[in-house]
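Below is one structure, written out as structure tokens; comments come after it.
The values are calculated or read from the model by the stated rules, or taken from the named source; none is laboratory data. Predicted model, so just to flag it, every value in this text is computed and none were measured. Here the Cβ is made from the backbone with ideal geometry for all residues, glycine too, and neighbour counts use every protein chain on show.
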Amino acid sequence: RRLDTSLFPGIYLLKVDEFGGLISEEEISDELVAPIGPLMQHTDGGYYFFCMLDVVLQTQLIRVDADGTVADPVGVGNSYPAAAAQDGNNFLLLSYNHVDKESVVSVVSTGGAVSSSKEFSIGAGDAVEEPIINQFLQTSRKLPFLVGKVGSGYYFNGFYNYTLSLSFTNLVADEPQGIVQGQQDDGGISQAVPLDGGKFALARFNFGDNYFLPSATINSAGISSSSELNGNPMPELAPNAKVAILRTTIDARKVVLYASDTRSKQIALFGYDEATGALVGSKYLGFSNPFEIASLTATADGGLIVCGTTYVAGRFTRICLFKLSQEELTEAFKGF
């Protein structure tokens, strides 16, 4: 949500029932800003996310109970949280240190303690930092920051050595073990999800164009360029489109679902067979008003929830939810 008191985005929590009906909503204190997803469910029954303090920029960890009760924030350190992921009972955090101009990958407990951390220089000069800060200030497009774990190591999609790069690290060595370099902030990886057998489901962008790679092999122990990965061109997508990827099972088939924004202002879903990388179907969501993807997740009944943003009359920002049943998914992604 937009704040009158800050250039950073504020925090709004919404809870709905299985039909999308409102259960509760809450606007968090304006002192807490710039939340990053996903909302991570822990084995302790709580849901966690990172944000930061408006003035001092220190990263905070927030716990939300299942009934919507918000606990007091826990200071983590660092500044500008950019991406997060769950790692067993801990969380992975990618943040930006604006003082030393470094991308920082950290392992954080539910209590906010940092057990491991490594810093990587983005390069000298204000020009490298500018797109990072502009994203937080909402004056430019959102950059596809990512962090995650693959095997015994970690990966992050963030700035390193002057460019947006997908980097692989053991959180010990001073330099990444592998780097997939982008084109400053004009090209690079827009989404990455590890698959079995050392492969990745990837999406990449390059000066406005978008490409999907549902079964990509990455050299995680060397230096390469994202433009060398090729991939399936997606001309129907908006320039430098946001992409969400979900591994799921549809009608006993392992499927990789891609969700993204189209030029016609719809949310597009594309399904690929995880074993072969072949397209098995597509589906488009939204009409009349513009729609944009935020995230998607599988439901306990075998269906799918797609969360996004819509603009009523093209102006008024609203949260939107689409629920697809198991039967709808089977029909849309049954293959050709």
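State whether the residues of the range 76-89 include one that is assigned to a loop (DSSP other than H, G, I, E, B), touching a His at 6+ places or on another chain (Cβ under 9 Å) and surrounded by fewer than 18 Cβ atoms within 10 Å (Cβ to Cβ). The answer is yes, given that some residue of the range 76-89 is assigned to a loop (DSSP other than H, G, I, E, B), touching a His at 6+ places or on another chain (Cβ under 9 Å) and surrounded by fewer than 18 Cβ atoms within 10 Å (Cβ to Cβ). The set of residues in the range 8-35 being of a type in the set (Phe, Trp, Tyr), assigned to a loop (DSSP other than H, G, I, E, B) and under 23 Å from Ile305 (Cβ atoms) consists of Phe19 alone. In the range 245-274, the qualifying residues are those that are farther than 21 Å from Gly335 by Cα and surrounded by fewer than 23 Cβ atoms within 10 Å (Cβ to Cβ), and the one that is farthest from the chain's Cα centre (by Cα) is Ser264.
Residue check: is Ala241 closer than 30 Å to Gly302 by Cβ and either among the hydroxyl-bearing types (Ser, Thr, Tyr) or in contact with a Phe, Trp or Tyr (Cβ under 8 Å, 6 or more places away or on another chain) (or both)?
Yes.
On the stretch given as the range 236-285, residues that are within 20 Å of Lys142 (Cα to Cα) and either of a type in the set (Lys, Arg) or in a loop (DSSP other than H, G, I, E, B) (or both) total 10.
Cβ-Cβ contacts under 9 Å between residues 6 or more apart (or on different chains), taken from a first residue in the range 136-150 that is at positive phi to a second residue that is part of a loop (DSSP other than H, G, I, E, B) and among the hydrophobic types (A, V, I, L, M, F, W, C), are listed as Gln138/Leu7; Gln138/Phe8. Considering the range 112-147, the residues that are under 18 Å from the mean Cα position of the chain (by Cα) and charged (D, E, K, R) include one that is surrounded by the most Cβ atoms within 10 Å (Cβ to Cβ), namely Arg141.
Of everything in the range 93-121, what is part of a loop (DSSP other than H, G, I, E, B), among the hydrophobic types (A, V, I, L, M, F, W, C) and modelled with pLDDT of 95 or more? Give them in sequence order. It would help to see each step written out before you state the result.
Restricting attention to the range 93-121, the residues satisfying the condition of being part of a loop (DSSP other than H, G, I, E, B) are 98-101, 109-113.
Now drop any that are not among the hydrophobic types (A, V, I, L, M, F, W, C), which leaves 99, 113.
Selection gives Ala113 alone.
Listed by position, the strands (runs of 3 or more DSSP E) inside the range 290-336 whose residues that are hydrophobic (A, V, I, L, M, F, W, C) and farther than 21 Å from Ser260 by Cβ number at least 1 are 304-312, 316-324. The set of residues in the range 148-172 being surrounded by fewer than 23 Cβ atoms within 10 Å (Cβ to Cβ) and either assigned to a strand (DSSP E or B) or among the basic types (Lys, Arg) (or both) consists of Gly148, Lys149, Val150, Gly153, Thr163, Phe168, Thr169. How many of the residues making up the range 179-217 are touching a Pro at 6+ places or on another chain (Cβ under 9 Å), surrounded by fewer than 16 Cβ atoms within 10 Å (Cβ to Cβ) and hydroxyl-bearing (Ser, Thr, Tyr)? The qualifying residues number 0.
Restricting attention to the range 37-51, does a residue exist that is more than 23 Å from the chain's Cα centre (by Cα) and either within 24 Å of Ala244 (Cβ to Cβ) or without any contact (Cβ under 8 Å) to a residue 40 or more places away in the chain (or both)?
no
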